[in-house]
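**Student:** Can you read through this structure? Questions will come right after.
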């Protein structure tokens, strides 16, 4: 297993992270030297770039580092470009499986050259729902467990793979019907946001507000009907007092 340095509780960075980021940033800087870059393995000022009018590249060189370190295939490279804080194009690549997803506003969502669309599942009890554990912020674990329990009691099947960029691509192509996570950074979801929306899905904050290039919770689904059901269930969970 490749060694890695510890960035924080449950958070790691490997040499592969750093080399992949340098390779991606090298291409961007060579072709677009005046553009700004928001990358995970850097020193980003999230709030300064959130609404910036100039193009901003949002890069996660290795989403799912711990999976990669253990030889688990769920890890990916994610790159997006945003204008005025809104991702306009994005791409996700899974080196372990060879799958590539990409999308641009108005051009649809694609996987390995074929157009993709979200699923047609419209009921929570029939849905396969992706999620991510709040392993970097254990203080929100009690809230997450209440949400997890609420969804299971409503009949939803839940899966956690450990790479949000791939999770969102799965939502876009119908492998998942919905998704939620309490804490994600912009590089986790920027590319996936374009891919999901161009595939016909919806992503938002838990209050229904739009996603901005800032850390926070994310909720998504293949349709407004399923999204409303998911939001209702999560709201009910937040009203519980014990797990």
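**Student:** I'm trying to understand the selection: among the residues of region 134-182, which are surrounded by fewer than 22 Cβ atoms within 10 Å (Cβ to Cβ), within 17 Å of residue 66 (Cα to Cα) and in contact with a helix residue (DSSP H, G or I) (Cβ under 7 Å, 6 or more places away or on another chain)?
**Tutor:** Across region 134-182, the qualifying residues are 134, 161, 162.
**Student:** Also, I was wondering about something else. Any idea which of 198, 225, 181 is outside the structural domain of residue 61 (by TED's automatic domain parsing) and out of contact with any strand residue (DSSP E or B) (no Cβ under 7 Å at 6 or more places or on another chain)? Outline the logic, then answer.
**Tutor:** Working: 198 fails: out of contact with any strand residue (DSSP E or B) (no Cβ under 7 Å at 6 or more places or on another chain); 181 fails: out of contact with any strand residue (DSSP E or B) (no Cβ under 7 Å at 6 or more places or on another chain).
Matching residue, one of 198, 225, 181: 225.
**Student:** Let me ask something else. Name the residue, out of 229, 237, 233, that is touching a helix residue (DSSP H, G or I) at 6+ places or on another chain (Cβ under 7 Å), modelled with pLDDT under 95 and not in a loop (DSSP other than H, G, I, E, B).
**Tutor:** Result of the check over 229, 237, 233: 237.
**Student:** Here are 42, 51: which of them is part of a loop (DSSP other than H, G, I, E, B), under 21 Å from the mean Cα position of the chain (by Cα), surrounded by 11 or more Cβ atoms within 10 Å (Cβ to Cβ) and modelled with pLDDT under 60?
**Tutor:** So the residue among 42, 51 that is part of a loop (DSSP other than H, G, I, E, B), under 21 Å from the mean Cα position of the chain (by Cα), surrounded by 11 or more Cβ atoms within 10 Å (Cβ to Cβ) and modelled with pLDDT under 60 is 42.
**Student:** Quick check on this structure: which one of 79, 58, 92, 118 is under 17 Å from residue 194 (Cβ atoms), assigned to a loop (DSSP other than H, G, I, E, B), in contact (Cβ under 8 Å) with a residue 60 or more places away in the chain and touching a helix residue (DSSP H, G or I) at 6+ places or on another chain (Cβ under 7 Å)?
**Tutor:** 118
The values are calculated or read from the model by the stated rules, or taken from the named source; none is laboratory data. On a predicted model such as this, the values are computed, not experimentally measured, just so you know. Note: ideal-geometry Cβ built from the backbone for every residue, glycine included; neighbour counts use all protein chains shown.
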